[in-house]
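Below is one structure, written out as structure tokens; the observations come after it.
The values are calculated or read from the model by the stated rules, or taken from the named source; none is laboratory data. Owing to the predicted nature of the structure, the values given are computational and were not obtained by experimental measurement. So basically every Cβ, Gly included, is an ideal-geometry build from the backbone, and we count neighbours across all protein chains shown.
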Amino acid sequence: MANGISRRHFFFGTLLAGVIPRGGFGSSVSLKALGYQSPNEKMHIAGIGAGGRALSVLGGCDSEHIVALADVDWARGAEGFTRWPDATRYKDFRQMLDKEKSIDAVTVVTPDHMHATQALWAMQRGKHVYVEKPLTRTAWEARTLTQAAAKYKVATQMGNQGYSHEATRVASEIIWSGEIGDVTDVHSFRGRASWPQGMQTLPPAEPVPETLDWDLWLGGAAFRPYTSGDEAYRTEYTQQFGFYLPFNWRGFHDFGTSLIGDWGIHQLGPANLALRLGSPVSVECITKGEGESPYTFPRGGVAIKWEFAARENMPPVTVYWSDTGEMYTPPGMTVDEMRQIPGTGPELEGAGGAGGAGRGGRGQAAGGAADAPGQGRGGRGRGGAAGAPAAPQGSGYNTVFVGTKGYLGTSGRGEGVGLLPGSRWADYTLPPRLLTRSPGHQRDWIRACKGGEPACSNFGLSGPYTEWMVLGAVAVRVPGRLLWDGRKMEFTNNREANNYVKPDFRKGWDIRSIT
């Protein structure tokens, strides 16, 4: 093939649009060549979600005009309203999208259960969309957004920032070079969630705060009374994040996907990219913590197993995720041997930014990124650098690829990479570049909005990725090995599991007929 790339490594097609340059694998590609318009042509961006994590996402778009903000809780959104005082304020995102005719693009940074609804409303109106990870709460919603992005032809991006990092691309290139042989297993692991899980009862209802529109916060989810937690709850869980909001919704089945969607989708990004995982043949919860609950994920964490069939010339692979606090070490290798040897190994370009730390880009191997509160045993307490849920301490890696010729580790959100043991990395020379490098995750999306290549985590890629990841949340609720038919979008051996593939929408919020 052209550019000396063998068929073994060049079977990705449009799957990697945004990371493979139009002109092939040349040395560099200018922004002009990628179709980027004049930087003076600023877009008008609206934010759905104005506080908390939205501040960082919108801040990454500060090269453009932030013209409108919608937040159901004006106390939570106050900091965003102050930072962008000229932006028109709304509580209902639907009113904002219908009234603000100048909007070009929209960021969606809200609880998972509303991502699909809000993104679809924007795409139907011709707006480009950036949606925080996980793209959606359910597999059906992810498929819906994938199809909608293709139909409405807008620029899209999911907020799994590791996809834009140098180390994620290097990890893929190492695997494609054949350095560790055929990858047969991937193990990704993390500490337990900080938010309350294993809940057996709900606190009594309370009056809704004046600043909050609770009905809009629930959106398409089934109605339940508002509560901020009672004294028993606050005694059991020494948290600073309320009951449902602003953050603990992540642990509830109706609103979030726990650490599977919060951090699994970060950490397994290099595996999804490098191994072209597509749709699994099965998923199973192989370990479940105590405190199974009708409301929340279990306390103590879970371990999930996905099985994928052969893809092109790649063999079947099994992917594991665990948030029980247990880490994986290769047989016969100690944790000390896994670690990189200080001052040795290849230097990664850009590894000092976005969480990297020079050689190997290992800066966030243990602590992760600061977009979530901390991690503690069973949801008690906080820990980790910058308040992020920490990976199990030890090797510096939170994901290990098992190959027929060796091992590779990645860290953070895909912001670090190295061969295992560390002595093998110390003498390693990186393979030739196959992938373009990103200008930054939000800038990647902005470039796409202005006519450049699709963003690296556009919905054509992040939609199918989210599909298989959130099937893990179904496996937590339904025991046994669940066989998945990706074409039909159904489990073939368990009717109960199919109840969780797509949501039941509250009256007035159903999006099933408007895609």
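So A155 clears everything in (1) surrounded by fewer than 23 Cβ atoms within 10 Å (Cβ to Cβ); (2) within 23 Å of the chain's Cα centre (by Cα); (3) farther than 19 Å from G269 by Cβ except one condition, right? Which one?
Here A155 meets the rest and fails (1).
I need a count of the residues in region 409-455 that are over 24 Å from the mean Cα position of the chain (by Cα) and of a type in the set (S, T, Y).
3
For residues that are more than 13 Å from P134 (Cβ to Cβ) and among the charged types (D, E, K, R), tally how many sit in region 448-473. Spell out how you get there, then give the answer.
The first filter runs over region 448-473 and keeps only residues more than 13 Å from P134 (Cβ to Cβ), leaving 448-456, 458, 460-461.
Filter again for among the charged types (D, E, K, R), leaving 450, 453.
Counting residues in region 448-473 that are more than 13 Å from P134 (Cβ to Cβ) and among the charged types (D, E, K, R) gives 2.
Which of the following residues is modelled with pLDDT under 90 and assigned to a helix (DSSP H, G or I): A386, A390?
Details: A390 fails: assigned to a helix (DSSP H, G or I).
Exactly one of A386, A390 is modelled with pLDDT under 90 and assigned to a helix (DSSP H, G or I), namely A386.
Taking helices (runs of 4 or more DSSP H) that fall entirely within region 115-228, which contain at least 3 residues that are in contact (Cβ under 8 Å) with a residue 12 or more places away in the chain and under 28 Å from E79 (Cβ atoms)?
Once the helices (runs of 4 or more DSSP H) in region 115-228 are filtered for at least 3 residues that are in contact (Cβ under 8 Å) with a residue 12 or more places away in the chain and under 28 Å from E79 (Cβ atoms), what remains is 115-124, 214-218.
Return yes when G191 is within 23 Å of P246 (Cα to Cα), crowded, with 24+ Cβ neighbours inside 10 Å, modelled with pLDDT under 95 and of a type outside the set (S, T, N, Q) and no when it is not. Reasoning before the result, please.
Values: within 23 Å of P246 (Cα to Cα): yes; crowded, with 24+ Cβ neighbours inside 10 Å: yes; modelled with pLDDT under 95: yes; of a type outside the set (S, T, N, Q): yes.
Yes: the conditions hold for G191.
Please verify whether region 300-314 includes one or more residues that are touching a Gly at 6+ places or on another chain (Cβ under 7 Å), surrounded by 15 or more Cβ atoms within 10 Å (Cβ to Cβ) and assigned to a loop (DSSP other than H, G, I, E, B).
There is at least one residue in region 300-314 that is touching a Gly at 6+ places or on another chain (Cβ under 7 Å), surrounded by 15 or more Cβ atoms within 10 Å (Cβ to Cβ) and assigned to a loop (DSSP other than H, G, I, E, B).
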